[in-house]
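See below for the structure under consideration.
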Amino acid sequence: MTATKQRNVFEKISKDSVYSKLIEIFGGNYVTKKDVDLYPYSQDMTENEPHMPDFVVIPENKEQLVELVKFCNEYSIPIVPYTTGNNVGGLTIPDYGGIVVDFGKRMNKILHVDDNMMYALLEPGVTFGQLKKHLDENFPSLRYSFPNAPPYSGVVGNALLSGMTNLAAKIGSMADSINGLEVITADGIVARIGSCFYGEDKAKDDSWWCKYPMPDLMGLFINFQGMTGLITKCAVQLWPKEPIEKPQLVVFFGLTDLGPFLREVGRADIVNDVAAFSVEVAKMEVGIPEPVRYPGEPYYTAVMPMTAKTENQMNAKLEILND
Ligand SMILES: Cc1cc2nc3c(=O)[nH]c(=O)nc-3n(C[C@H](O)[C@H](O)[C@H](O)COP(=O)(O)OP(=O)(O)OC[C@H]3O[C@@H](n4cnc5c(N)ncnc54)[C@H](O)[C@@H]3O)c2cc1C
């Protein structure tokens, strides 16, 4: 453990007093300081050094979070926002202890899907699987964009980290698909960014269609890994779902062939995305549990999600790809 990680976060207030305050804000059932509960939040699947939080809280609404932020600001207690902890970067490990705020358990509702303006208004805990199921069942002509992450990982966390997904060659990073944010800043102010800024104290669900017309302050919260504010609502752009889907896979024996292929295909404007994997990882993606490569097999694969409006359009795209 490094010296900085030994910082005492309870210099200004006792740990017992913090616990009492957290129970006052969130209720006894939604605050824990038991090691057995804290342990899963102390690590992720990466090699980053684990560290235990002092408390985990499970919020239900922004009012609780405003109170929490003001309290923690006054006593300099670290807060680490957490959705499902699948960021593969150690980003939710509480390096200095303090309070992990788990958004995944109760702030996980799809608040609104706007069929007309094609966006979904989400609480931070909504997962990719949850959003896909909701769209497939209720809005079959709309789609979101999905990473190679497990379906139980978070949509908002991914967008805040500017994730790259299976539409990335067309639409860029997922941060570019954020239409609006509701965020609690470090001093406890609730700010709304994007077209949702209209309205006195509550943005209407149908007002989250784009990140303008005001100056774009989105960058103050994207890729900051939760350090500049707690997001309580996020609107993400949806896309028309094309009926024909034919994902393609090409194998390679060397990087010298793979690099130019990725560049040329990316520029051809025919694929939704193009990503390279080792053959071991590609096999795991289709259900082989262990990473294996047999002698003589190629080393790399390029995977290309492709969709089209008609068979003719798909055939034209495949013809360009084969060329
Ligand atoms: C096997 C695997 C494959 C993956 N493949 C891809 C891929 O192909 N493309 C890709 O882009 N990603 C990929 N990922 C990463 C994953 O998609 C995203 O990192 C994940 O969706 C983030 O969501 P989360 O719920 O895990 O967020 P968390 O890990 O819980 O949080 C992510 C970050 O956001 C912060 N945060 C969380 N909630 C809030 C909030 N309410 N307010 C402010 N900050 C907050 C956290 O502090 C943290 O810094 C993969 C992950 C795995 C495990």
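Each reported figure results from applying straightforward, stated rules to the coordinates on display, with no laboratory input. Quick caveat, the model's predicted, so the values are computed rather than measured. All Cβ positions, glycine included, derive from the backbone under ideal geometry; neighbour counts span all protein chains shown.
Applying 0.36 nm per residue to the separation of Met284 and Arg263 and subtracting their alpha-carbon distance, the gain on full extension is 5.1 nm. Selection among Val286, Leu255, Ile320 by position relative to the dipole of region 244-322 gives Ile320 as farthest towards the positive end (Cβ unit charges, Cα centre).
Ignoring everything except DSSP H segments at least 4 long, calculate the 222 nm mean residue ellipticity for the chain; use -39,500 (n - 2.57) per segment, divide by total residues, nearest 500. Taken over the chain, the calculation gives -7500 deg cm²/dmol.
Ordering of 34-46, 163-175 by packing is 163-175, 34-46, highest average first (other Cβ atoms within 10 Å, averaged per residue).
Legend: residue pairs Lys12/Lys202; Lys133/Lys241; Lys12/Lys70, Cα-Cα distance threshold 25 Å; pairs beyond threshold, Lys12/Lys202. With the Cα gyration tensor of the chain giving a ≥ b ≥ c as the square roots of its eigenvalues, does the rule (a/c under 1.5 for rounded; else a/b larger than b/c for prolate; else oblate) give rounded, prolate or oblate? Here the chain falls in the oblate category. Along the chain, the exposed loop sites are GluC sites (Glu not before Pro) outside DSSP states H, G, I, E and B with at most 11 other Cβ atoms within 10 Å, and the longest stretch free of them is 48-199. So which lysines pass the test for Lys246, namely a Cα distance under 17 Å, with those fewer than 8 places away in the same chain ruled out? Partners within reach: Lys170, Lys309, Lys317.
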